[in-house]
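Okay, structure first, notes after.
The values are calculated or read from the model by the stated rules, or taken from the named source; none is laboratory data. What you are looking at is a predicted structure, and each value in this text was computed from that prediction instead of being measured. Here Cβ is always computed from backbone atoms with ideal geometry, including for glycine, and neighbour counts include all displayed protein chains.
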């Protein structure tokens with residue numbers, strides 16, 4: 001049972017600060033875990049070494065001065081006296097340190113820089129004896145301090161410790177020597193030793209993965225028992241006659257995945273399949289063959305695209321693919337005239353349209369299919385679960401194919417998408433040249449301007465990507481408007497510079513993309529709106545400003561736009577960051593063009609938040625669990641989750657109720 005922060009005895013002012021960190025009740029508070037721990041032990045000044053982490057107790061001898069720069073950035077400086085030494089302390093982004101009082105006792109934790117200078121990571125108004133040992137360090141938001149968090153957790157724990165219920169079934173607690181939930185919470189927040197932390201992590205991680213895998217098992221069981229359909233009737237040979245008439249040969253993986261999809265369509269189980277592959281691996285043609293098989297079975301198909309630009313591109317590509325057939329296609333998006341929309345809707349309900357391609361417009365209530373048989377959702381991570389369900393509900397037991405890029409390794413996909421079947425295209429079409437990527441450690445491409453001008457002189461085109469649309473006080477990054485104006489001035493009438501971003505109208509975006517595709521625009525300044533699927537073969541160069549602000553997989557997706565033809569693509573990553581981790585992360589893109597490797601590294605560094613955030617509603621996420629380091633716990637919890645869902649006993653039913661939030665859990669999950 002969860003309690004409000006007020007019931008935990010926390011003051012209104014602290015509640016307000018905790019709410020800003022998305023902490024609203026006792027469960028949120030106890031699961032607001034430290035992201036690291038500091039081991040604090042005293043060492044005499046004479047034993048300090050440069051760059052070493054130190055803890056020093058002293059007296060404040062100068063009033064702190066705070067200098068603010070940029071949005072929410074600050075530097076505070078002050079001096080303390082310790083062991084007859086005057087020590088200069090600097091601490092970043094702690095403007096409240098300016099409220100420290102002269103002659104106040106302080107313990108400063110930080111890095112010793114030599115010459116009596118310390119860069120502090122934290123400070124405490126206590127003695128060294130009070131804080132020696134292991135201290136948890138929590139993520140902070142504006143004005144939320146380590147003290148407020150730790151005091152709030154202690155207050156709530158002391159009040160509620162006897163009410164904290166262990167949720168893991170007793171069988172597994174005993175089998176794996178796990179802790180009771182009460183003890184795990186205590187040791188994660190108030191450890192005395194490193195072994196305490198290890199024991200707490202072992203229990204809490206297992207619980208996270210068990211909850212996740214139980215939820216996935218229930219979904220899969222529900223899909224398999226509820227969604228039984230009459231298999232679609234078509235001839236495989238007819239599908240592959242179309243495939244063999246294409247101007248290129250399918251790769252080995254495309255054949256394999258096409259067969260998996262056709263088997264699903266003909267089976268009596270509703271298809272719920274994830275199709276993943278690297279940028280340019282040929283997912284769309286595989287999906288098209290699935291739609292063709294649906295057409296042969298006398299049913300309609302739909303393809304859902306995240307943007308108008310991509311919807312129109314799919315429409316044009318599918319028209320070319322299906323040219324030898326009698327299939328009737330239409331594209332639906334918000335920018336169409338009312339008359340044209342009405343005409344499409346009437347044809348759709350009268351079965352005069354075989355495949356409808358479109359954006360979110362397809363999901364609207366007034367869109368009615370005569371007999372919808374298959375739905376393809378492109379870039380599925382861009383659609384919420386409710387949107388996908390709405391489209392599925394437009395037919396009776398509709399087969400569903402979700403296309404996703406960037407890909408993730410199959411073993412990870414099986415964990416994250418355990419309720420779905422997963423098809424993976426790893427082999428790339430022949431003749432594709434990898435993109436050459438260069439890291440430029442400044443937020444300017446003047447150092448390579450000659451190379452850029454040379455490419456333009458060859459009549460090749462360029463994308464310039466910015467993280468922001470326009471200038472903002474709260475976001476320090478180059479923006480499309482400013483870069484567009486600067487490039488227009490620089491190139492004058494020699495080359496045409498275009499602008500593309502999300503605030504433009506549909507008509508403006510379409511006009512810009514048509515001009516770029518016809519080479520009437522040579523340099524396109526854009527946000528990541530071009531990330532998804534846009535295909536301009538003549539574009540061979542990409543410049544990405546503030547590259548450190550993007551995920552690795554996102555950059556890989558972006559540079560896929562310059563890998564569409566037979567010319568070698570070049571991508572310049574511009575950044576002025578001095579952060580070593582960010583630079584190391586970007587170097588991954590210099591070494592690899594493999595989307596699976598890059599996605600793996602991105603997941604390892606950034607976590608699976610983006611994937612889990614759009615995965616399924618009601619699926620528990622991971623706070624402590626690590627998909628790469630905790631494979632043994634993941635695998636064991638998957639086995640245990642299956643046992644929990646299939647065995648009906650009181651403990652298991654209670655755990656399922658906790659995961660699903662359903663107190664009257666349907667016994668079909670137990671069978």
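Within the range 519-549, can you find the residues that are surrounded by fewer than 16 Cβ atoms within 10 Å (Cβ to Cβ) and either closer than 21 Å to residue 485 by Cβ or at pLDDT 90 or above (or both)?
If the condition is that a residue be surrounded by fewer than 16 Cβ atoms within 10 Å (Cβ to Cβ) and either closer than 21 Å to residue 485 by Cβ or at pLDDT 90 or above (or both), then 519, 520 are the ones that fit.
If a residue must be touching a helix residue (DSSP H, G or I) at 6+ places or on another chain (Cβ under 7 Å), crowded, with 18+ Cβ neighbours inside 10 Å and not in a helix (DSSP H, G or I), how many such residues does the range 231-259 contain?
Count: 3.
If I ask for residues that are under 22 Å from residue 360 (Cα atoms) and within 23 Å of the chain's Cα centre (by Cα), which ones from the range 275-302 would you list?
Scanning the range 275-302 gives 275, 276, 283, 284.
Can residue 418 be described as under 23 Å from the mean Cα position of the chain (by Cα) and loosely packed, with under 15 Cβ neighbours inside 10 Å?
Judged against the criteria, residue 418 is not a match.
Considering the range 260-285 alone, what residues qualify as being outside any strand (DSSP E or B), closer than 22 Å to residue 397 by Cβ and either outside the structural domain of residue 353 (by TED's automatic domain parsing) or in contact with a helix residue (DSSP H, G or I) (Cβ under 6 Å, 6 or more places away or on another chain) (or both)?
If the condition is that a residue be outside any strand (DSSP E or B), closer than 22 Å to residue 397 by Cβ and either outside the structural domain of residue 353 (by TED's automatic domain parsing) or in contact with a helix residue (DSSP H, G or I) (Cβ under 6 Å, 6 or more places away or on another chain) (or both), then 261, 262, 265, 271 are the ones that fit.
Residue by residue, here is whether (1) modelled with pLDDT of 90 or more; (2) over 30 Å from residue 6 (Cα atoms) holds:
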{"site": "92", "(1), (2)": "yes, yes"}
{"site": "97", "(1), (2)": "yes, no"}
{"site": "101", "(1), (2)": "yes, yes"}
{"site": "122", "(1), (2)": "no, no"}
{"site": "125", "(1), (2)": "no, no"}
{"site": "132", "(1), (2)": "no, yes"}
{"site": "158", "(1), (2)": "yes, no"}
{"site": "177", "(1), (2)": "yes, yes"}
{"site": "200", "(1), (2)": "yes, no"}
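Step by step: first the residues of the range 166-182, then only those that are assigned to a helix (DSSP H, G or I) and free of Cβ contacts under 8 Å to residues at least 12 places away in the same chain, then the one that is nearest to residue 14 (Cα to Cα). Which residue is that?
Among residues in the range 166-182 that are assigned to a helix (DSSP H, G or I) and free of Cβ contacts under 8 Å to residues at least 12 places away in the same chain, the one nearest to residue 14 (Cα to Cα) is 173.
Do we have any residue at all in the range 211-224 that's within 17 Å of residue 33 (Cβ to Cβ) and crowded, with 18+ Cβ neighbours inside 10 Å?
yes
Between 279, 349, 270, which is buried (at least 23 other Cβ atoms within 10 Å of the Cβ) and touching a residue at least 12 places away in the same chain (Cβ under 8 Å)?
279
Does residue 521 qualify as being touching a residue at least 40 places away in the same chain (Cβ under 8 Å) and either assigned to a loop (DSSP other than H, G, I, E, B) or farther than 21 Å from residue 449 by Cβ (or both)?
The answer is yes for residue 521.
If the requirement is being within 33 Å of the chain's Cα centre (by Cα), at pLDDT 90 or above and either in a helix (DSSP H, G or I) or over 30 Å from residue 527 (Cα atoms) (or both), which of these qualifies: 345, 310, 356, 318?
Among 345, 310, 356, 318, only 318 is within 33 Å of the chain's Cα centre (by Cα), at pLDDT 90 or above and either in a helix (DSSP H, G or I) or over 30 Å from residue 527 (Cα atoms) (or both).
Collect the residues in the range 121-140 that are in contact with a strand residue (DSSP E or B) (Cβ under 7 Å, 6 or more places away or on another chain) and in a loop (DSSP other than H, G, I, E, B), keeping them in residue-number order.
Selection gives 125, 126, 127, 132.
Has the range 613-625 got at least one residue that is at pLDDT below 85, assigned to a helix (DSSP H, G or I) and not assigned by TED's automatic domain parsing to the domain that holds residue 453?
Yes, some residue in the range 613-625 is at pLDDT below 85, assigned to a helix (DSSP H, G or I) and not assigned by TED's automatic domain parsing to the domain that holds residue 453.
Restricting attention to the range 1-50, which residues are touching a helix residue (DSSP H, G or I) at 6+ places or on another chain (Cβ under 9 Å), part of a helix (DSSP H, G or I) and in contact (Cβ under 8 Å) with a residue 60 or more places away in the chain?
Matches in the range 1-50: 14, 17, 18, 26, 29, 30.
Quick test for you: out of 154, 143, 163, pick the one residue that is out of contact with any strand residue (DSSP E or B) (no Cβ under 8 Å at 6 or more places or on another chain), over 18 Å from residue 12 (Cα atoms) and loosely packed, with under 14 Cβ neighbours inside 10 Å.
Going through 154, 143, 163 in turn, just one is out of contact with any strand residue (DSSP E or B) (no Cβ under 8 Å at 6 or more places or on another chain), over 18 Å from residue 12 (Cα atoms) and loosely packed, with under 14 Cβ neighbours inside 10 Å: 163.
Somewhere in the range 289-307, is a residue assigned by TED's automatic domain parsing to the domain that holds residue 352, farther than 14 Å from residue 236 by Cβ, in a helix (DSSP H, G or I) and touching a helix residue (DSSP H, G or I) at 6+ places or on another chain (Cβ under 7 Å)?
no
So, of the residues in the range 484-512 that are surrounded by 15 or more Cβ atoms within 10 Å (Cβ to Cβ), touching a residue at least 24 places away in the same chain (Cβ under 8 Å) and within 27 Å of the chain's Cα centre (by Cα), which turns out to be nearest to residue 336 (Cα to Cα)?
506
Just one of 16, 7 is farther than 23 Å from residue 135 by Cβ, within 33 Å of the chain's Cα centre (by Cα) and not assigned by TED's automatic domain parsing to the domain that holds residue 112; which is it?
Answer to the check: 16.
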